[in-house]
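Participant: Could you have a look at this structure, given as structure tokens, before my questions?
The values are calculated or read from the model by the stated rules, or taken from the named source; none is laboratory data. Values in this document were obtained by computation on a predicted structure and should not be read as measured data. Here the Cβ is made from the backbone with ideal geometry for all residues, glycine too, and neighbour counts use every protein chain on show.
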Amino acid sequence: MSRVCELTGKGPMTGNNVSHANNKTRRRFLPNLNDVTLMSEKLGRGYSLRISAAALRSVDHRGGLDAYLAKAKDSDLSDRALKIKRELAKAETAQA
């Protein structure tokens, strides 16, 4: 399972461990990923995604998964999230 957020595209970063003696060794900073099920109001079902805690706060702030995906850039989204976004757009056009 890759360590990349499905909504924001956040992945591992690299840096240094720095000791008291100022010795530097390489390390990885991993994103805080959580397995969550987010509900789509327009589609009426839940989607299981692996997203970062920051992305979960952003989804809540924007008013749900539907609103978040409407404003999200396609380049940041995973293939699964893009599929959900396309389903939302299809449902919206069918409703209008």
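Participant: Only one of these conditions is not met by residue 77: (1) hydrophobic (A, V, I, L, M, F, W, C); (2) assigned to a helix (DSSP H, G or I); (3) within 20 Å of residue 31 (Cα to Cα). Which number is it?
Facilitator: Single failed check for residue 77: (2).
Participant: Please go through the stretch 18-73 and pick out each residue that is in a strand (DSSP E or B), small (Gly, Ala, Ser) and under 10 Å from the mean Cα position of the chain (by Cα).
Facilitator: Of everything in the stretch 18-73, just one residue is in a strand (DSSP E or B), small (Gly, Ala, Ser) and under 10 Å from the mean Cα position of the chain (by Cα), namely 52.
Participant: Right, here's the next one. Within the stretch 1-24, which residues are out of contact with any Leu (no Cβ under 9 Å at 6 or more places or on another chain) and either aromatic (Phe, Trp, Tyr) or modelled with pLDDT of 95 or more (or both)?
Facilitator: 14, 15, 16, 17, 18, 19, 20, 21, 22, 23, 24, listed by residue number.
Participant: Test residue 8 against the stated conditions and say whether it is touching a Ser or Thr at 6+ places or on another chain (Cβ under 7 Å), β-branched (Val, Ile, Thr) and within 27 Å of residue 95 (Cα to Cα).
Facilitator: Here the answer is no, as residue 8 does not meet what is asked.
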